[in-house]
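J.: Let me give you the structure first, and then I'll get to my questions.
The values are calculated or read from the model by the stated rules, or taken from the named source; none is laboratory data. Here the structure is a predicted model, which means the values were calculated and not measured. We place every Cβ from the backbone using ideal geometry, glycine too, and count neighbours over all the protein chains shown.
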Amino acid sequence: MEKSECLEAIEREASHILTIVEDPGVDLARPVPTCPGWTLDDLPSHLGRVYAMVTTVLGGDPNSPPDRSKIPSRPEAQAPSSWMRDRLAILLDALRQVADDARFWNFATGPASPVSFWWRRQAHETLIHRVDADLAAGGPVAAPTVDLAADGIDDFLAVSGFRQVTAEQLAPGSGLTLELRAGDVRGPGWSVSTDEPLFTRDTRSADVVVHGTAWALDLWCWQRDVPAVILAEEVRFDGDRHAAEEWRPVR
């Protein structure tokens, strides 16, 4: 995804979350069904902390993870929504100013990696937590663009430690193989080897094929099990559904 698209997504999805949590009639103690143990108020608190961490990375040593003692924490007297709003503004400003070819540490690929990881990661972090906020508030769950949803699958695989390779490099191993097949995306889906871990954007024979729209598959990967009646699209399986669901490495 282009930088401008990611920044627009961060701002749009974060604004949606803030609209929910700052509604005078909302009960901030409502549980978040897709984040066990969390309440609605935990979402802006968490996102504010994530935004603060990323901003610290962008201002630090590109070869090292951030010094956790330098990552700002929410002041006790500040409401989580106010904290998130403040940190969002600082993050967006930092991402707008950083050079597109700059390199920084990230937790997936390590030192001096392309900064594009961070604007993409924050777009999907915010999007998935917007889904959490919608579900906690009992509202509808609107779909993003197909391109953003499909990119969310790439992001999921990247942060889960999967490296993209060519089809020829994806040799069958002893572990589970899956294909994620999005009916609204042109071309092949995502073929995943769980024992490497590797994936390719090509069609390969697989133990399990998971079918759905790009958005349904994105949510399934992130274990956001949105009811089909809300999503209007269910995920379907050719093969062992239980094995596929057990594979998902990140919640």
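J.: Look through 105, 119 and report the one residue that is part of a helix (DSSP H, G or I), in the same structural domain as residue 39 (by TED's automatic domain parsing) and of a type outside the set (S, T, N, Q).
T.: Of 105, 119, the one residue that is part of a helix (DSSP H, G or I), in the same structural domain as residue 39 (by TED's automatic domain parsing) and of a type outside the set (S, T, N, Q) is 119.
J.: Right, here's the next one. Looking at the range 83-102, is at least one residue of a type outside the set (A, V, I, L, M, F, W, C), closer than 18 Å to residue 43 by Cβ and in contact with a helix residue (DSSP H, G or I) (Cβ under 7 Å, 6 or more places away or on another chain)?
T.: Checked the range 83-102: at least one residue is of a type outside the set (A, V, I, L, M, F, W, C), closer than 18 Å to residue 43 by Cβ and in contact with a helix residue (DSSP H, G or I) (Cβ under 7 Å, 6 or more places away or on another chain).
J.: Moving on. Among the listed residues 149, 89, 142, identify the single one that is in a helix (DSSP H, G or I) and closer than 18 Å to residue 18 by Cβ.
T.: 89
J.: Here's a follow-up. Go through the range 95-116 residue by residue and tally those that are among the hydrophobic types (A, V, I, L, M, F, W, C) and more than 20 Å from the chain's Cα centre (by Cα).
T.: Total satisfying the criteria: 4.
J.: Please determine, by comparing only the residues of the range 64-86 that are in a loop (DSSP other than H, G, I, E, B) and crowded, with 18+ Cβ neighbours inside 10 Å, which one is modelled with the highest pLDDT.
T.: Residue satisfying both the conditions and the ranking: 74.
J.: Take residue 30 and tell me if it is among the basic types (Lys, Arg) and in contact with a Pro (Cβ under 6 Å, 6 or more places away or on another chain).
T.: No; evaluated as a whole, the condition is false for this residue.
J.: A further question follows. For the range 95-120, name all the residues that are surrounded by 14 or more Cβ atoms within 10 Å (Cβ to Cβ) and in contact (Cβ under 8 Å) with a residue 60 or more places away in the chain.
T.: Within the range 95-120, 95, 116, 118, 119, 120 qualify.
J.: Is the range 17-26 home to any residue that is within 21 Å of residue 130 (Cβ to Cβ), part of a helix (DSSP H, G or I), of a type outside the set (A, V, I, L, M, F, W, C) and not assigned by TED's automatic domain parsing to the domain that holds residue 225?
T.: Yes, because at least one residue in the range 17-26 is within 21 Å of residue 130 (Cβ to Cβ), part of a helix (DSSP H, G or I), of a type outside the set (A, V, I, L, M, F, W, C) and not assigned by TED's automatic domain parsing to the domain that holds residue 225.
J.: Another question, then. Taking the residues in the range 18-45 that are touching a Phe, Trp or Tyr at 6+ places or on another chain (Cβ under 8 Å) and in contact (Cβ under 8 Å) with a residue 60 or more places away in the chain as candidates, determine which candidate is surrounded by the most Cβ atoms within 10 Å (Cβ to Cβ).
T.: Ranking the candidates gives 32 first.
J.: Find all pairs meeting these conditions: Cβ atoms under 7 angstrom apart; at least six residues apart or on different chains; first residue within the range 191-205 and touching a residue at least 24 places away in the same chain (Cβ under 8 Å) and assigned by TED's automatic domain parsing to the domain that holds residue 154; second residue of a type in the set (Phe, Trp, Tyr) and not in a loop (DSSP other than H, G, I, E, B).
T.: Between residues of the range 191-205 that are touching a residue at least 24 places away in the same chain (Cβ under 8 Å) and assigned by TED's automatic domain parsing to the domain that holds residue 154 and residues that are of a type in the set (Phe, Trp, Tyr) and not in a loop (DSSP other than H, G, I, E, B), the close pairs are 191/199; 192/199; 194/247; 199/190; 201/190.
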